[in-house]
Structure formats: C-alpha cells, structure tokens
Amino acid sequence: MSIVKDMSLAESGRRKIDWVRDFMPALSQIEARFKREKPFQGLRVAVSVHLEAKTANLGYVLSQGGAEVYLTGSNPLSTQDDVAAGLASLGVETFGIYGATPEEYEEHLTKTLSCHPHIVIDDGGDLIELLGGKCKEYADCLMGGCEETTTGILRLKAREREGILPCPMMAVNDAKAKHYYDNKYGTGQSVWDGIMHTTNLVVAGKTVVVAGYGWCGKGVAMRAAGMGANVIVTEIDPFKALDATMNGFRVMTMDEAAPLGDVFVTVTGCKDVITPRHFETMKDNALLSNAGHFDCEVAVAALREMATESKLRRENIVGYTLPNGRTLNVLAEGRLVNLASGNGHPAEIMDMSFAVQALAAEWISKQTGLEKKVYPIPESIDDQIGRAKLAAQGLTIDTLTPEQEKYLNSWSV
C-alpha cells in the first residue's frame, strides 16, 4: 500500500533512522513505556510531518505503542526517498516521494487519511484542511489531533473561530519543550546548515536580514551573529523589535533593509514579506531564503514574472536576472530552507518536539467529550519531557522545599 520512490533504498533509510534513534533519548523512554502499555492499541494514527529520519522515528515509536500508523510528508522538497523506503520496510504505511507534483502531494495526503484515522499529527494544517473539506468522509472516527507549527496553529484557531474545526487539536508548537528548544535552537542551527551547505559561501562579514523576531527568528539571528554576520531584524511587533535592539541587532523596515542585505531569511508565518518593490532595490547576487512554513513569504512567483532570465545555478539555487541587470538567488524555491536544502533540525532537538507529539497523541486518546477547540499542552507533559531530557544529559536541578512552596503560594511574606 505504501507509495515510495524505490524500496531498494530502504537499507540506507534504516541506517539514517537508526542513527537518530541513538540521539533521541526522551522519545526512547516513551517508546519503552509504549511497548509495555500499548496505549494506541486498535487506533489508527495519520501523520503529516517532514518525511525524514526524525519523523520516521516518531512514526515507528507510535507503531510500537500499538497504533496503525499512516505517514506522509508535509513538504515534497523535504521528503527523503531512502527514509520513506526505510520506514515502509519497518511496517509503517508510508506515502511520499521527493519532488512530488502538487497533485501527487495531495494524493499522498489523501492516501494517508483514507485509513479513517482516530488521531492526526499535522505540520502546517494540510491534513485538517482536507478533513474539513475534500476528505470529510475520512473524519468519521476522529478523536483529535496535534499540530506542530506556528502557522498550523494560526490556521486551526481561524477554523475554531468560524466553527469549522473538524476535531479537538493540541497546540504542540506552544509547548515549552517545542518553542524554547525546537523553534529557537533547532531553527537557528538548521537554517544555517541548509544555507551554508547549499551556497558554500561564508557567513562572517555579510549583512543578514531576518524577517520576524519570534522564537524562530531569535534563533536564526543569534546563530548568524555568532558566525560573524551583521544582523538586521524587521518586525511588525514593537516589543519584539525592542527585544531585537536589546540583543544588539539593528531594526528597520524591509524597505530600508532590502538594499543592505546580502542574505535574507524570512521567519514570519505570513505572506508577501519580500515583494517586487524590495527585489528592485536589492544587491546583485543577494540570497533569498525562507524558514517560515509556506513558500509565500518571499514572493517567488512575482520575482519569476519580473525576471528577464532564470537559471539553475547550483542544486536548490535558482538565479533570477532582473531588467536592472542584477541577479537574485532563491534557495529551495522559497520553501523551508532548513529542510528542502538540509536535514532539518538536529536529532537532539526533535527528540523533545516529537516527545510532545507522542504524549499529546496519547493524552487525546484518553479523553472523551472534548469540544472542537485548540487545547494547550498540559504542563505535566512539558515537565515530564524536560526532566527526561535533563536526566539524559546527566544534569540535575534544585527542588523547592515545602517551606519554599508555601512561600510562593502565600500572599504574606
């Protein structure tokens, strides 16, 4: 039933999966309990997350908990064909091919949902979009689901406001284990891994423009500065802008930053962050990349229409020559540069994020009568994961004494 490019790639894929499993100790602890308790016995779980080794490990862990797992990618350019084959060989129904057309991509999502899932694990909201529309007939067994990203949660909350959310959903992205760790440190490292691997250019001395100073933007800016870049931040939120200045970064509008930047990274979750009026003033050979979820933050379609010529310059880099003679280089078609041009977040980072997914899915499986709303991750889940990660790293922290707890919970001194 799986749809993958080539099952002969399975051995290579399993090696990648085995490698990351050694560096995901929190998820391994959960897997050991899942094997004993089988919390998902009799349940079907549909997963749409970037189809690479860490995601494959999550799918495998869920299957060890008794679930029938159906897994696809959330972006055709982040799917790794050998990992897809490797996961399929481990008994997880897998649907994904690198570079799939939009029609093929939707087919893979639809195949994943055709199992009539009890639980969905989504990245960006594509599964929920289909379950609320074209694939309504597959929503008959839904108990609830989990959403990985900022963009996805925004889409879920919009559906909740309009009364069209198909099931209760857990806001995984808002968990402390996710935004403190994954968004800041994972995005910060993986974005520059992707850019440097793709361009083979130096970061030090360049002017880097980071659009958006949320948790992901903080990580991207921090790592750029650490490698010697001059960092400019663009923002719409006055307090995030002030935070950026307190961290030593210049703050200005994109109109002001466009002529100055050598490298642009959008991390906003919005659309049309870099548009034709910005393209017209940019330096020759400026690099344009996106680390938000969808490929609309950099207006690549508009750039394509403006250009007098376009050509592939290196793998995952297209150069667009403008009427003024300058060439602008778009990385990974404006899709997620850290996944489409790299291997995504490090395994140790995704260990925490996917531990949240696994425990949130288990929490959903035990609930009854939930309203069709977006729910926060229970603090007990965050705390459990944080403590497991500390233990895995050989770290210990202090504990409040009874007197300290009384003091903190009292109005009197």
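Structural remarks
- Per residue value of the accessible surface for the chain (all protein chains in place, 1.4 Å probe), Å²: 44
- Scanning residues 5 or more positions from Arg250 or on other chains, those with amide H under 5 Å from its amide H are Val231, Val233, with H placed 1.01 Å from N in the peptide plane.
- Summing +1 for each Lys or Arg and -1 for each Asp or Glu among the other residues whose beta-carbon sits under 13 angstrom from that of Ala340 gives -4.
- Taking the protein heavy atoms of the stretch 279-329 in the context of the full set of protein chains, the accessible area attributed to carbon and sulfur is 45 percent at 1.4 Å.
- Computed from backbone phi with θ = phi - 60° and the Karplus coefficients 6.51, -1.76 and 1.60, the 3J(HN,Hα) list for the stretch 149-163 is 10, 4, 4, x, 5, 4, 5, 5, 5, 5, 5, 4, 4, 8, x Hz; x is used for glycine and proline.
- Between Ala391 and Ser8, the contour length at 0.36 nm per residue exceeds the alpha carbon distance by 134.0 nm.
- Angle in degrees between helix 379-392 and the longest Cα principal axis of the chain, rounded to the nearest 10: 80
- Among Val300, Val210, Val47, the residue with the largest mean-square fluctuation in a Gaussian network model of the chain, with springs joining Cα atoms closer than 10 Å, is Val300.
- Near His50, the amide H atoms lying under 5 Å from its own belong to Ser74; only residues 5 or more places off or on other chains count, and H is placed 1.01 Å from N.
- When each of Lys372/Lys406; Lys5/Lys157; Lys16/Lys184; Lys54/Lys184; Lys157/Lys218; Lys271/Lys366 is checked by Cα-Cα distance, pairs over 29 Å: Lys372/Lys406; Lys5/Lys157; Lys271/Lys366
- For Rg/Rh (Cα atoms, Kirkwood Rh), calculated from these coordinates, the label among [x] 0.98; [y] 0.95; [z] 1.02: [x]
- Portion, in percent, of the accessible area of the stretch 143-219 that falls on carbon or sulfur, probe 1.4 Å: 54
- Among Lys240, Lys206, Lys134, the largest mean-square fluctuation in a Gaussian network model of the chain (Cα springs under 10 Å) belongs to Lys134.
- Calculated mean residue ellipticity, 222 nm, the chain: -12000 deg cm²/dmol, from DSSP H runs (n ≥ 4) at -39500 (n - 2.57) each, averaged per residue and rounded to 500.
- Most fluctuating residue given options Asn324, Asn316, Asn338, as computed from a GNM of the chain linking Cα atoms under 10 Å: Asn324
- Percent accessible area from carbon and sulfur atoms, the stretch 78-131, protein chains only, probe 1.4 Å: 50
- Segment Cys270-Ser310, extension gain: residue separation times 0.36 nm, minus the distance between their alpha carbons: 11.8 nm
- Residue-by-residue Karplus 3J(HN,Hα) for the stretch 332-343, coefficients 6.51, -1.76, 1.60, Hz, glycine and proline x: 6, 6, x, 8, 4, 5, 6, 10, 6, 10, x, 9
The values are calculated or read from the model by the stated rules, or taken from the named source; none is laboratory data. Small disclaimer: the values here were computed from a predicted structure and weren't measured. A quick note on method: Cβ atoms are made from the backbone with ideal geometry, for glycine too, and the neighbour counts reach across all protein chains shown. Surface accessibility is based on the protein's heavy atoms, side chains included, excluding ligands, DNA and RNA. Shrake-Rupley method; radii C 1.70, N 1.55, O 1.52, S 1.80 Å.
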